[in-house]
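Report on one structure; see the data block that follows.
The values are calculated or read from the model by the stated rules, or taken from the named source; none is laboratory data. Quick caveat, the model's predicted, so the values are computed rather than measured. We place every Cβ from the backbone using ideal geometry, glycine too, and count neighbours over all the protein chains shown.
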Amino acid sequence: MKHLRMLVAMALACAGLTIGAPSPAQKYGGILRVSSDSDPPSLSIHEEATNRVTWTAGPTYNNLVWFDTFEPKESLETIRPDLAERWEWSADGTALAFTLRQEVRWHDGKPFTAKDVKHTFDLVRGVGATRLKLNPRKLWYANVQAIETAGDLQVTFKLKRPQPSLLAMLASGYSPVYPAHVEPALLRITTVGTGPFRFKDYVHDRTIELTRNADYFVRNRPYLDGVKFFIIKSNSSHVGALVSNQLDAANPTFTTKPIADNLKAANVGFQFTEVVGNSTANVIVNTRKPPLNDIMLRRAVNLALDRESIVKSVYQGGAVMGSAMYPKPFGSWGLTVEQLRSLPGYGSGAEGKAEARRILAEKGYGPANPLKIVISARNVRTYVEPAIWAIGELKAVGIEAELRQVESGNWFSLVARRDFQLGINATGLGADDPDIQFYENFRCYSQRNYSDYCNQDVEQQVDRQSAETDLARRKPVVQRVDIRLQEDVARPYLAYRIYYHPHQSYVKNWVPHPTSYNGWRLAEVWLDK
């Protein structure tokens, strides 16, 4: 059945259709008006680590493969053809060969070929003369030994060992194919893709506009004439734009439970799609800089942070507890509630704080000599509110924490140079797969391993689960790694937020995904007005 479904998917893709697409009743035209709460650091998806860039630049690109737009729960079984018509694994699982679509063109008119695929992923792998300025997902592809082409339509990824998750990485919204003939530096300020929309205009702090690609290779797509993103940083302005019908939909991170409840009470005609997002509020810890290079002090901080408290107070019930992997039952790999409850910070808040005080006292800290730290956070509400909560939690055990707010555009450079003690961070996964999480955020020397956690035993276990093709054997290894990361205070996880996704009732085929980087191709969205 799995193989039959894949063959049907390929056949439909070649015909310009999508599995799960509704019956033909769509209307063409109109501009979709969507909000974003901040500017993207740049428009280069491969160089950034925020959904602000995948939302706004993503609709202009394509991937080799893509998670089905109409299947919000993503897995290897929901991967569909995109720039690749079909793919095939070698018998030993160490080669993944793609056959590409014919007659696809970049937005500047040049033909798309296998050369572009090799260029893109050699660029991300950090091989060749041209390099990315930032490369947050380089280690996703550390197991790729070589990328070989045969003519214009054949490309093969050669692996050092089996790695089933490679296909999920290639399907992520973080994995578009770039044009080989365009310098990467140019793609920071504009986009040149093959996608359903073309880049039109960007006014910093105001709007990003995309327009319909009339030459899109998928027949009769997109439906929309364009997409206009409004950058709205103020909470009240955001609500006002929704209520006054200046927006058709809001970005996932904006609508917290209190805002959703208020909009529902106002009966302004929105529809809401509730999704437990796989993006977390977490704490990055500078393990190289005193005083938090001391693991016992890190444990005291972690024990002071009561996860039930942040779910109830900051998110008012609009979040769930979780650790490194997207929690069950929403994801496939996360820990159970019982496993979470056994971890520091996830059980009794009173007991955790008592243990934190004991550790601090052993280290010589107390009322006469409080531990003093600085908590850094982006000057965005979804970062500042958890930071203020954390300051209160730490104060309860005798830690004096000061809030340092950082301009959003400077945040990623600050964490890249490790200019923080503690930081309130938001981390999302490109897909619900352990390789994406572990290699990007916990592998030694990864750019996204902001805490600089490095444990050789954990590295070996990560490689072991990555090569395992039997899911029943892989899952226990993944869970052991997850538990070890929490015990070592590698990056304390606070909560997984529920996204409420408000959109006007006339916005059709709007299918929010738990992974906020995916589902933003927008080729299937249409306006019934």
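The set of residues in region 180-226 being in a strand (DSSP E or B) and either loosely packed, with under 15 Cβ neighbours inside 10 Å or hydrophobic (A, V, I, L, M, F, W, C) (or both) consists of F197, F199, D201, V203, I208, L210. Hey, does region 392-414 have a residue that's touching a helix residue (DSSP H, G or I) at 6+ places or on another chain (Cβ under 6 Å), of a type in the set (A, V, I, L, M) and under 30 Å from K133 (Cβ atoms)? Within region 392-414, one or more residues are touching a helix residue (DSSP H, G or I) at 6+ places or on another chain (Cβ under 6 Å), of a type in the set (A, V, I, L, M) and under 30 Å from K133 (Cβ atoms). Scanning region 53-83 for residues that are under 21 Å from R198 (Cα atoms) and either in a loop (DSSP other than H, G, I, E, B) or free of Cβ contacts under 8 Å to residues at least 60 places away in the same chain (or both) yields a total of 8.
Candidates are the residues of region 156-176 that are over 14 Å from the mean Cα position of the chain (by Cα) and of a type in the set (A, V, I, L, M, F, W, C); the one that is surrounded by the fewest Cβ atoms within 10 Å (Cβ to Cβ) is L167.
Take R497 and decide whether it is in contact with a strand residue (DSSP E or B) (Cβ under 9 Å, 6 or more places away or on another chain) and either crowded, with 24+ Cβ neighbours inside 10 Å or not in a loop (DSSP other than H, G, I, E, B) (or both). Here the answer is yes, as R497 does meet what is asked. Checking each residue in region 367-384 for being of a type outside the set (S, T, Y), within 16 Å of A401 (Cβ to Cβ) and touching a helix residue (DSSP H, G or I) at 6+ places or on another chain (Cβ under 9 Å) picks out P370, L371, I373, I375, A377.
Looking across region 270-301, the residues that are buried (at least 22 other Cβ atoms within 10 Å of the Cβ) and assigned to a helix (DSSP H, G or I) come down to L297, R298, A300, V301. Going by the structure shown, is D248 acidic (D, E), under 27 Å from P41 (Cα atoms) and touching a residue at least 40 places away in the same chain (Cβ under 8 Å)? When the stated conditions are applied, D248 passes them. Which of the residues spanning region 194-220 are under 17 Å from E524 (Cβ atoms) and in contact with a Ser or Thr (Cβ under 9 Å, 6 or more places away or on another chain)? Listed by number, the residues that qualify are T194, G195, P196, F197, L210, N213, Y216, F217, V218. Within region 246-268, at least one residue is in contact with an Asp or Glu (Cβ under 7 Å, 6 or more places away or on another chain), of a type in the set (A, V, I, L, M, F, W, C) and outside the structural domain of F330 (by TED's automatic domain parsing). Comparison of A11, A91 shows that the only residue that is assigned to a helix (DSSP H, G or I), surrounded by fewer than 18 Cβ atoms within 10 Å (Cβ to Cβ) and either at pLDDT 95 or above or not acidic (D, E) (or both) is A11.
Annotation: of all residues in region 133-155 being buried (at least 21 other Cβ atoms within 10 Å of the Cβ) and of a type in the set (A, V, I, L, M), the one that is farthest from N410 (Cα to Cα) is V155. For region 450-461, the criterion of being buried (at least 22 other Cβ atoms within 10 Å of the Cβ), polar (S, T, N, Q) and closer than 18 Å to N51 by Cα is satisfied by no residue at all.
Of all residues in region 323-347, those that are assigned to a loop (DSSP other than H, G, I, E, B), on the phi < 0 side of the Ramachandran plot and either basic (K, R) or modelled with pLDDT under 95 (or both) total 16. Would you check if there is a residue in region 511-521 being under 18 Å from the mean Cα position of the chain (by Cα), aliphatic (A, V, I, L, M) and at pLDDT 95 or above? Checked against the condition, which is being under 18 Å from the mean Cα position of the chain (by Cα), aliphatic (A, V, I, L, M) and at pLDDT 95 or above, region 511-521 yields no hits at all.
Is it the case that region 258-269 has a residue that's assigned to a loop (DSSP other than H, G, I, E, B), under 24 Å from the mean Cα position of the chain (by Cα) and in contact (Cβ under 8 Å) with a residue 60 or more places away in the chain? No, region 258-269 contains no residue that is assigned to a loop (DSSP other than H, G, I, E, B), under 24 Å from the mean Cα position of the chain (by Cα) and in contact (Cβ under 8 Å) with a residue 60 or more places away in the chain. Checked against (1) of a type outside the set (D, E, K, R); (2) under 25 Å from V227 (Cα atoms); (3) modelled with pLDDT of 95 or more, N302 meets all criteria but (2). Of all residues in region 391-428, exactly one satisfies the criterion of being aromatic (F, W, Y) and at pLDDT 95 or above, namely F420.
So which residues in region 366-403 are over 28 Å from P258 (Cα atoms) and in contact (Cβ under 8 Å) with a residue 40 or more places away in the chain, if there are any at all? Steps first, please.
Initially, region 366-403 is screened for residues over 28 Å from P258 (Cα atoms), giving 366-374, 397-400.
Those that are over 28 Å from P258 (Cα atoms) and in contact (Cβ under 8 Å) with a residue 40 or more places away in the chain: L371, I373, V374, V397, G398, I399.
The set of residues in region 140-179 being charged (D, E, K, R) and in a strand (DSSP E or B) consists of E148, K158. Touching a strand residue (DSSP E or B) at 6+ places or on another chain (Cβ under 8 Å) and either of a type in the set (D, E) or farther than 16 Å from I45 by Cβ (or both), is that true of L210? When the stated conditions are applied, L210 does not pass them.
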